[in-house]
Amino acid sequence: MRETDTRTGSGHAVVIGGGIAGLAAAHRLLVTAPGTRVTLLEASDRLGGKLHAGEIAGVRVDLGAESMLARRPEAVALAREVGLGDRLQPPATATASIWTRGALRPMPKGHVMGVPGDASALSGVLSDEGLRRIERDRELPPTEIGDDVAVGAFVAERLGREVVDRLVEPLLGGVYAGDAYRISMRSAVPQLFEAARAHASLTEGVRAIQATAARNQRTGPVFMGIEGGVGQLPLAVADAVRARGGEIRTGTPVTALRRTPAGWQVSAGDDVVAADRVVVAVPAYAAAALLGVEAPAAAAELASVEYASMALMTLAYRRDVVDLPEGSGFLVPPVDGHTIKASTFASRKWGWIADEDPGLLVLRTSVGRYGETEILGRDDADLVELSRRDLRAATGLDATPVATRVTRWHDGLPQYPVGHHARVARVRERVGELPGLAVCGAAYDGVGIPACVASAHAAVDQLAGDATGVDELTRNPVQSLHGAGGE
């Protein structure tokens, strides 16, 4: 093993992991501390993590996350900083449906992650008994919520299981590929958690959230995409890192991380890289392996983080043989027994896809939830056929696609069970005891792209001696709930 860099001098920072969090951390280091030498090490031969730009039938598409929550500033601001400002595009349509009780029905408005403020506009989605159950929420005594609670369990107790199974589950499950009855309300829907603690009834709390939003009168799109796909973002950040003198090495797995009197030694293949600061921006299980010697308590916590796997099917059709319902796509409650959990009409949603080939219609479907293994064991042809079967049942689409792609994301989404916020706090406390070390990524403060960028910025600021960002993440754990971000 050779030691390739032993200088720490004015500062050498190593970032482990080349997903959007690691790239954002490297960029932040170079911007906030000019003169710092930055080396980013990525195990795979591709940058971007779960942001992955690809193509189908000659049209550029995303093979991973496809949108960013624009109401959070971090991801959109980063895109502008790295030269993508003129390529930012909102969805051409944001009208979605839910495939439930045998029909595509408009997604009800006026909810917080599927939790309604009243029973209006839910006819057809819920049964008559389900509608009456919501109205009884105001008559129930307050529910003790404690330090944390599962979203599904709490909402079912207040509003009935139908609300969870037909509204909350498809929305929340679409973000985390998880089980609403296990997912932490405090970590996954902190707005709802605080409202539930502050109000006697849950529907009253939801209406209070809506009233606050109305007073704030936020304008502009809720979501944002990038021409060519949000998979362009990590590539542009990487270019900006290199332009500022940063070094990026792909195909370089890190096998060990050790403290030294001068700082840290990072073992990467046959090389040992010396650094005075290290940002670990890899999935929880990989971080656990790296931290096992120097931070065993943090490693044990990270090793317990569970992940869900999923697969994304991208299908291209000739537009003249397709007659789809209006809107950007639909969500699917698992209670109805269908295979896919969502479908996006990508050519409808993103104008740049339609512009690249007006004669082509691109659709996306996804499968895979926490605990599901059988479906992901199917071969690509089976997954495409299962998607086509559900699309036929939901929309009547019976045409044969001209091209298909299947992208598998094994252990793609970390799970946030009850108590996740406390686990993250313990990890950060233990890691914070080691000078020059910080962690960031989707396993901590939210799985969306803005959340990962915010996590990266907080980690860099912590290393610079400013813990404000980390404190803010602790108080406000989830930065974004939309679009699975890379580590």
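Only the coordinates and a few stated rules stand behind these numbers; no lab work does. Small disclaimer: the values here were computed from a predicted structure and weren't measured. Reconstructed Cβ throughout: ideal geometry from the backbone, glycine too, with neighbour counts over all protein chains shown.
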statement: Packing-ranked peptide list from 410-418, 361-369, highest mean Cβ count within 10 angstrom first, is 361-369, 410-418
message: Given points 7 Å out from each Cα along the Cα-Cβ axis, report the residue 379 to residue 120 separation in nanometres with one decimal.
response: 5.4
field: the range 307-414 - Rg and Dmax from Cα coordinates, angstrom
entry: 13.7, 40
Binned Cα-Cα distance frequencies in the chain - 10 Å width, integer %: 4, 20, 29, 26, 15, 5, 1, 0
field: Summed side-chain charge close to residue 226 - residues other than residue 226 whose Cβ falls under 12 Å, Lys, Arg +1, Asp, Glu -1
entry: -1
- line: Net charge near residue 143 (other residues with Cβ under 9 Å of its Cβ; Lys, Arg +1; Asp, Glu -1) is -1
statement: Nearest-0.05 FRET efficiency for residue 259 and residue 303 at R0 = 25 Å, using Cβ-Cβ distance, is 0.80
Mean Cβ neighbour count within 10 Å, used as a protection proxy, ranking 43-52, 18-27 highest first: 18-27, 43-52
Descending semi-axes in Å of the range 106-216, equivalent ellipsoid built from Cα gyration tensor: 18, 17, 15
message: So the label point goes 7 Å from the Cα of residue 81 along Cα→C-beta, right? Which residues of the range 279-313 then have their backbone N under 19 Å from it?
response: 279-282
Distance from the range 245-314 to the range 56-91 (C-alpha centre basis), Å: 27
- prompt: So how far apart, in nm, are the two label points at residue 44 and residue 323 if each is 7 Å from Cα heading toward Cβ?
  reply: 4.1
query: Thinking of the range 190-282 as a set of Cα atoms, what percent of all their pairs are more than 20 Å apart?
result: 66
- request: Using packing as a proxy for protection, rank 391-403, 340-352, 96-108 so that the peptide with the highest average count of other Cβ atoms within 10 Å comes first.
  value: 340-352, 96-108, 391-403
query: When averaged across all projection directions, what area in nm² does the alpha-carbon convex hull of the range 32-170 cover?
result: 14.6
statement: In degrees, nearest 10, the alpha-carbon axis of helix 202-216 is tilted away from the dominant principal axis of the alpha carbons of the chain by 70
message: Take residue 144 and residue 411, extend 7 Å from each Cα along the Cα→Cβ direction, and tell me the distance between the two endpoints in nm.
response: 3.8
- prompt: Ordered by residue, what ³J(HN,Hα) values in Hz, to whole numbers, does the range 424-429 give under the Karplus form 6.51 cos²θ - 1.76 cosθ + 1.60, where θ = phi - 60° and Gly and Pro are x?
  reply: 4, 4, 5, 4, 5, 4
query: Amide H neighbours of residue 329 under 5 Å, counting only residues 5+ apart in sequence or on other chains, H built in-plane at 1.01 Å?
result: 97, 345
query: Can you give the calculated 222 nm mean residue ellipticity of the chain, where each DSSP H run of n ≥ 4 adds -39,500 (n - 2.57) and the sum is split over every residue, rounded to the nearest 500 deg cm²/dmol?
result: -10000 deg cm²/dmol
query: Helix 380-395 sits at what angle to the longest principal axis of the chain, using alpha carbons and giving 0 to 90 degrees rounded to 10?
result: 40
task: Give me the lysines in straight-line cross-link reach of residue 109: C-alpha distance below 25 Å, same-chain residues under 8 apart excluded.
output: 341, 349
